[in-house]
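J.: Mind looking over this structure? Questions follow.
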Amino acid sequence: MNTKAQESVSGEVSGIMLAFADRTGLSSSRHPPRRYLWTDAHAVCNFLSLYRRTGSEEYRQLAVMLIDQVHNDLGKHRNDDARSGWLSGLGDKEGSQHPTAGGLRIGKQLPERGPDDVFDERLEWDRDGQYYHYLTKWMHALCRAGTVCNEPVYIRWAMELAAAAHAGFAVRSPPDGRMRFVWKMSIDLTTPLVPSSSLHDSLDGYLTYIEIAHCASRLAASGPRTGLGKEILDAAGMIRGRRWYSSDPLGIGGLLFDACRTLQLLAAGQIGHPALATTLLQDASESLLDYRRQANLGQAAKFRLAFRELGLSTGLHALSKMRAVLSNRSDPLAGALRDDLAALGDYEPMAGIITGFWRDSVNQQADSWREHEDINSVMLATSLLPGEFLEV
């Protein structure tokens, strides 16, 4: 991409992200703060990407402000809850120093399901609580902020969040006692609200814990030492022998994102079983083949969910990042992985098709876009400028 094209993309992403900051009460007092953990994790990475691309201090400051606002909102009990203060139960001063020690709420509109409420699968999607896969995305965002801003405290907060999440979500299942992560926990991390498991949570957890440990070691002179040895071992046991095929575009994008992190961590000497990278790329290839056969990208906007497709688009952008990681390696594994990446190259144009569709102002008039404007717009920005999101 030439300089003029880069400037054009940066300008478009800047417009998206500044509008998001205003609309959700981050940069303007005209709107009350409206925080949602998944969206905000991507937004932090987007602001950092803009900061890296332009050098403008405004974007770094917005990333810092967003982290603080998320912690002061989603790290505390809801205003409509009988409980108050930090989720960790720490006092105000100590809690502000360890804002992630009790986890972070999702940010859903409705309060979490109470002990006397009947389970309603549809309603549960709108109820608050904690999601493990949202927490891992926030850990990743904190790692990026710690690295870009050279602030070890963000890595410590990521580590404390990892410890809290693992303690709350990891359970042993009969009959073999194998560990897994439950899908959704209560706000105080004491009660499973959805006890089933998400397909990729254990993979996300394993890689995110290693990413945190890697970031901590790089900032060790002035920051935290890793304390996630047990968590890494537990998660390694969860992923052993697993396969990762997904029929969901967001899931496939997440699989490519995890493959990208795996290659970077392998290159840094942080992962001991390189076969994981091969498995992830092969499963991504099978998933993409089936997804393309479904021809979902030919449907009208009203039948599609932009943020799920844009997650796939972002993952497809990771292919070029992975090729770059392997470019200077000549070992047999690197050669095999380059072959796997070459097989995925046929799917790369899908990224441009997806982003082109959702950049169209006509398609953004669809209810499917407008009803989820915050997450859709932020995910579009991530797909257009994925640099920091894809970095380890």
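The values are calculated or read from the model by the stated rules, or taken from the named source; none is laboratory data. Here the structure is a predicted model, which is why all the values come from computation and not from measurement. Note: ideal-geometry Cβ built from the backbone for every residue, glycine included; neighbour counts use all protein chains shown.
J.: Of the residues in the range 97-154, how many are of a type in the set (A, V, I, L, M, F, W, C), more than 19 Å from the chain's Cα centre (by Cα) and within 22 Å of Ser198 (Cβ to Cβ)?
T.: Adding up the residues that qualify gives 3.
J.: Same structure, new question: With the structure loaded, tell me whether Glu94 is in a helix (DSSP H, G or I), modelled with pLDDT of 95 or more, farther than 26 Å from Asp204 by Cβ and not aromatic (Phe, Trp, Tyr) or whether it fails that test.
T.: yes
J.: Quick check on my filter: what residues within the range 366-383 are assigned to a helix (DSSP H, G or I), in contact with a Leu (Cβ under 8 Å, 6 or more places away or on another chain) and surrounded by fewer than 21 Cβ atoms within 10 Å (Cβ to Cβ)?
T.: Ser368
J.: Sticking with this structure for a sec: Looking at the range 149-174, which of its residues are among the small types (Gly, Ala, Ser), in contact with a helix residue (DSSP H, G or I) (Cβ under 8 Å, 6 or more places away or on another chain) and over 18 Å from Leu74 (Cβ atoms)?
T.: Within the range 149-174, just Ala170 meets the criteria.
J.: Right, something else. Just checking, does the range 238-250 include any residue being under 21 Å from His166 (Cα atoms), surrounded by fewer than 21 Cβ atoms within 10 Å (Cβ to Cβ) and hydrophobic (A, V, I, L, M, F, W, C)?
T.: Yes, because at least one residue in the range 238-250 is under 21 Å from His166 (Cα atoms), surrounded by fewer than 21 Cβ atoms within 10 Å (Cβ to Cβ) and hydrophobic (A, V, I, L, M, F, W, C).
J.: Now a separate question. Please verify whether the range 73-87 includes one or more residues that are in contact with a Ser or Thr (Cβ under 8 Å, 6 or more places away or on another chain), modelled with pLDDT of 95 or more and among the basic types (Lys, Arg).
T.: yes
J.: Then there's this: Here is a list of conditions, (1) in a helix (DSSP H, G or I); (2) under 21 Å from the mean Cα position of the chain (by Cα); (3) closer than 20 Å to Ile252 by Cβ, and Pro386 meets all of them except one; can you say which number that is?
T.: The number of the failed condition is (1).
One line per residue, one yes/no per condition, for (1) surrounded by 16 or more Cβ atoms within 10 Å (Cβ to Cβ); (2) at pLDDT below 95; (3) within 18 Å of the chain's Cα centre (by Cα):
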| position | (1), (2), (3) |
| --- | --- |
| Leu281 | yes, no, no |
| Leu289 | no, no, no |
| Gln294 | no, yes, no |
| Ser330 | no, yes, no |
| Gln364 | yes, no, no |
